[in-house]
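To start, the structure under review is shown below, and the notes come after it.
Laboratory data are not the source of any read-out in this text; all were calculated from the coordinates shown. Predicted, not measured: the structure shown is a model, and the values here were computed from it. Don't worry about glycine lacking a Cβ; one is built from the backbone with ideal geometry, like all the others, and counts go over all protein chains shown.
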Amino acid sequence: MRGFVILDFGSQFTQLIARRLRELGFYSEIHSFEYPTDEIRKKNPYGIILSGGPNSVYEKGSPQRDVAELRNISPVMGVCYGMQLLTHQLGGKVTKAEHREYGLNYVTWSSPIPGVPQKQKVWMSHGDVVEKVPEGFSIIGMSDGNHPAAMQGPDVLAVQFHPEVAHTEHGLDLLKHFASGMCKAPSDWDAPHIKDILIKEAQEKVGPTDHVLVGLSGGVDSTVVATLLTKALGPERVHCVFVDNGLLRKNEFESVLESYHRIGLNVKGVDASEEFLSQLKGKEDPEDKRKTIGRVFIEVFDKSYDHSLPIKWLAQGTLYPDVIESVSSVGGSVTIKSHHNVGGLPEKMKLGLVEPVRELFKDEVRALGVQLGLPSEMLWRHPFPGPGLAIRVLGEVTKEKLKILQDADEVYISELRRRGLYEKIWQAFCVLLPVKTVGVQGDSRTYDHVLALRAVTSSDGMTADWYPFEFQFLREVSNLITNKVKGVNRVVYDVTSKPPGTIEWE
Ligand code: XMP
């Protein structure tokens with residue numbers, strides 16, 4: 001697919017550049033700043049964008065690349081560090097600013113940009129500034145702090161601020177100016193088009209006779225993948241397996257399985273809850289629990305389908321953020337939690353991998369789901385981790401604790417739905433703490449569990465903020481839970497953002 005190439009110099013906003021371009025209907029891909037020029041040329045991009053980054057261009061070890069050769073391929077846009085790199089590499093001069101510009105600022109444009117006001121509110125984060133532009137370039141915007149905020153040269157646009165962040169007003173107009181005004185790119189990246197492309201790709205990859213296996217989790221990504229493949233190859237060649245690991249929400253296995261049947265998937269439900277629970281016995285460490293669940297899942301999954309079928313492929317709902325994290329220029333980030341989905345399966349089962357949505361962001365997967373005719377309640381479910389409630393019962397998982405958590409979770413989630421709050425929240429759940437406290441219920445002393453409620457807003461799960469419920473809501477939910485759920489006598493609300501916390505407690 002022809003589109004835009006974004007080179008990542010380490011900014012935390014690089015993904016946002018790609019998302020914004022796609023929102024505008026321009027396909028875009030992120031690659032490391034070192035991505036070979038020949039590979040970029042092969043892609044024949046409409047335009048190339050150099051992202052921001054935390055370094056100074058003069059710093060030893062700062063990410064560098066020859067930008068002159070990029071200009072021979074297509075128009076180039078530089079954002080923040082990208083602007084400084086263009087300046088530095090093309091013969092201009094970058095210096096340390098006397099005062100840094102962080103946060104909100106204004107740019108006054110001396111050359112009008114369509115759709116952008118002459119004085120534009122922008123978000124900046126930089127310590128270096130352009131002192132002298134390269135030959136043939138001119139400054140076309142100044143910040144309120146009197147620093148060059150935008151420059152232009154033949155087929156090059158560079159800005160010192162971040163047009164991709166929400167705090168910059170008219171940032172999309174600026175990106176659109178580059179994409180369609182300067183690069184003349186067509187705006188053709190939309191759900192119907194994506195669906196057609198992906199169906200065709202799946203047909204080509206899998207071929208006319210091979211069969212595919214899909215592990216369903218109940219979540220959006222695997223549901224969309226299974227539906228897309230079923231449309232592309234037919235249900236008789238797409239075998240879906242939905243495993244009940246006993247760690248799902250109350251009645252979830254039955255209700256989700258029924259929805260899968262309703263949307264026409266060829267799905268087999270496998271109850272392996274006893275197996276998971278017995279293997280988790282005595283395990284308290286979160287990583288140990290995750291690894292155990294991952295291992296048992298592979299064993300169960302392997303036994304769950306007819307091995308005489310010509311199954312050559314395993315489909316996975318890998319998303320674009322999982323793919324780009326590994327190519328980022330900022331270096332390998334430490335593993336905070338080993339996320340378990342169906343990792344490790346393809347090697348063991350000697351299957352090829354089909355990952356139809358690996359180029360898509362979550363919002364694009366949802367739009368694709370709508371295009372495939374999936375009901376909105378399947379598309380707008382909160383994300384649910386592979387190890388399920390096992391990482392929400394802190395410490396050892398037992399049947400009794402799972403039941404308490406399921407009952408409390410049901411009260412909490414139904415209250416959120418009933419009050420129209422569910423859709424406003426990225427993820428909400430209960431956590432059963434391995435702590436008992438003294439309480440008094442019905443005139444007698446109790447010694448029961450503490451339950452924590454968690455609700456966060458987020459756009460991708462990478463960062464998150466706790467949801468500011470009204471006190472009245474917390475009061476009522478707390479009452480409902482302590483009255484209805486046996487085993488809980490105290491409810492607390494988690495007011496920790498990510499970072500420093502993570503979304504899950506384990
Ligand atoms: P954390 O807790 O790392 O979670 O802030 C970020 C997002 O990932 C989900 N999560 C998992 N998903 N397997 C998964 O499939 C896991 O082991 C796992 N751990 C966390 C979490 O629910 C949130 O959406």
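Numbers for the structure displayed
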| item | result |
| --- | --- |
| Kirkwood hydrodynamic radius over Cα pairs of region 4-182, then Stokes diffusion coefficient at 25 °C and 0.890 mPa s, in µm²/s | 155 µm²/s |
| Simple spin-label estimate for Glu69 and Ser308 in nanometres, 7 Å along Cα-Cβ | 5.7 nm |
| Principal axis dimensions, largest first and in whole angstrom, of region 233-319 by Cα | 43, 29, 28 |
| Candidates per GluC sites (Glu not before Pro) in region 250-308, loop by DSSP, up to 15 other Cβ within 10 Å | Glu284 |
| Full-stretch length increase - Gln441, Asp173 - with 0.36 nm per residue and alpha-carbon distance subtracted | 90.5 nm |
| By average C-beta atoms within 10 angstrom, highest first, the peptides 434-444, 88-98, 128-138 | 128-138, 88-98, 434-444 |
| Under 16 Å from the Cα of Lys498 - lysines, other chains or at least 8 residues apart | Lys337 |
| Rough spin-label spacing in nm, given labels placed 7 Å along Cα→Cβ, for Arg2 and Thr463 | 3.6 nm |
| Neighbour cut-off at most 10 other Cβ (10 Å), DSSP loop, trypsin sites (Lys or Arg not before Pro), region 39-83 | Lys60 |
| Difference of contour (0.36 nm per residue) and Cα-Cα distance, Asp144 to Glu34 | 36.2 nm |
| Relative frequency of Cα-Cα separations exceeding 30 Å in region 191-379, percent | 20 percent |
| Most positive-pole-ward Cα, His31, Pro75, Pro114, against dipole of region 1-129 from beta carbon charges | Pro114 |
| Cleavage-rule hits, trypsin sites (Lys or Arg not before Pro), region 240-288, DSSP coil, Cβ neighbours within 10 Å at most 15 | Lys281 |
| Using a Förster distance of 45 Å, the FRET efficiency for Glu476-Asp190 (Cβ separation, nearest 0.05) | 0.60 |
| Square roots of 5 times each gyration tensor eigenvalue, C-alpha, the chain, largest first, Å | 45, 30, 20 |
| Residues Val270, Val495 arranged by fewest to most Cβ contacts within 10 Å | Val495, Val270 |
| For region 392-493, alpha-carbon Rg relative to the globular expectation (2.2 N^0.38 Å, N residues) | 1.09 |
| Length added when fully stretched, Lys281-Lys93, from 0.36 nm per residue minus Cα-Cα | 61.3 nm |
| Rounded Å value of the spacing that divides the Cα centres of region 130-167 and region 227-282 | 53 Å |
| Residue exposure sequence - Met83, Met378, Met1 - by fewest surrounding Cβ within 10 Å | Met1, Met378, Met83 |
| Cβ-Cβ FRET estimate between Asn251 and Glu135, R0 fixed at 51 Å, reported to 0.05 | 0.15 |
| Which listed pairs, of Lys195/Lys250; Lys176/Lys200; Lys43/Lys184; Lys281/Lys350, have C-alpha distances above 24 Å, in listed order | Lys195/Lys250; Lys176/Lys200; Lys281/Lys350 |
